[in-house]
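Worksheet: the structure to be examined is printed underneath.
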Amino acid sequence: MATNETKITIEGKEQVEVNYSQRAQWLRAAVLGANDGLVSTASLMMGVGAVKDDPKAMLISGFAGLVAGACSMAIGEFVSVYSQVDIEVAEMKRNGESKHGDGGGVPSPVQAAVASGMAFSVGAAVPLLAAGFITQHSVRLGVVAAAASLALVMFGLTGAVLGRAPVVRSTVRVLAGGWMAMGVTFGLMKLFGSSAAL
């Protein structure tokens, strides 16, 4: 039986109950990591595209964003989960429990770091792949925005279904947040580029 499942007896019948709070830890790392990778990389590429029509500059900035963001997410998740483990181990010691037991749901910092970094990379790959084979500047920007929007809907939908959250509200929230990030980045860079040209 998985560690996030417990057996309960209802009216004489044994049933398995899933602990969604433990599943939510991994769901948060995976969905938020992929969403962050998608939004930050797409926004970065849109921002560069607002001031330069060179496809190479847009792709290089996106790839740099993927590498830097994946490293940042992995290290941040490792530090965060390690701090959580330290707190849980200290609490077990205060309560006289053995820290060498079956793990009791204590998360692994390395697993969380790897999952977070990989999820970020998957999300960041979407706009990179979308823009990779398009040479015309305006079409490239449109394709990046469209691919990012489609992926945002999929991430929002997946997160809502797996987390048993309201599907429409969660999906709209994820999509609107991504659009806002891309729009603000594009707009500010366009404004900055126009000001620098004067």
Every pair of residues 6+ apart whose Cβ atoms lie under 7 Å, when the first sits in the range 118-141 and is part of a loop (DSSP other than H, G, I, E, B) while the second is basic (Lys, Arg): ILE134/ARG140
Sole exception among (1) under 16 Å from PRO127 (Cα atoms); (2) modelled with pLDDT under 85; (3) of a type in the set (Gly, Ala, Ser) for GLY69, by number: (2)
Set ALA29, ALA64: member being within 22 Å of the chain's Cα centre (by Cα) and at pLDDT below 80: ALA29
Residue list for the range 53-81, filter: in contact with a helix residue (DSSP H, G or I) (Cβ under 6 Å, 6 or more places away or on another chain), touching a residue at least 12 places away in the same chain (Cβ under 8 Å) and either crowded, with 16+ Cβ neighbours inside 10 Å or among the aliphatic types (A, V, I, L, M) (or both): MET58, SER61, GLY62, GLY65, LEU66, GLY69, ALA70, MET73, ALA74, GLU77, PHE78, VAL81
Residue satisfying condition, being in a helix (DSSP H, G or I) and exposed (fewer than 14 other Cβ atoms within 10 Å of the Cβ), within set ALA160, ALA176, ALA181: ALA176
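The values are calculated or read from the model by the stated rules, or taken from the named source; none is laboratory data. Only a predicted model underlies this, so the values are computations on that prediction, with no experimental measurement involved. Here Cβ is always computed from backbone atoms with ideal geometry, including for glycine, and neighbour counts include all displayed protein chains.
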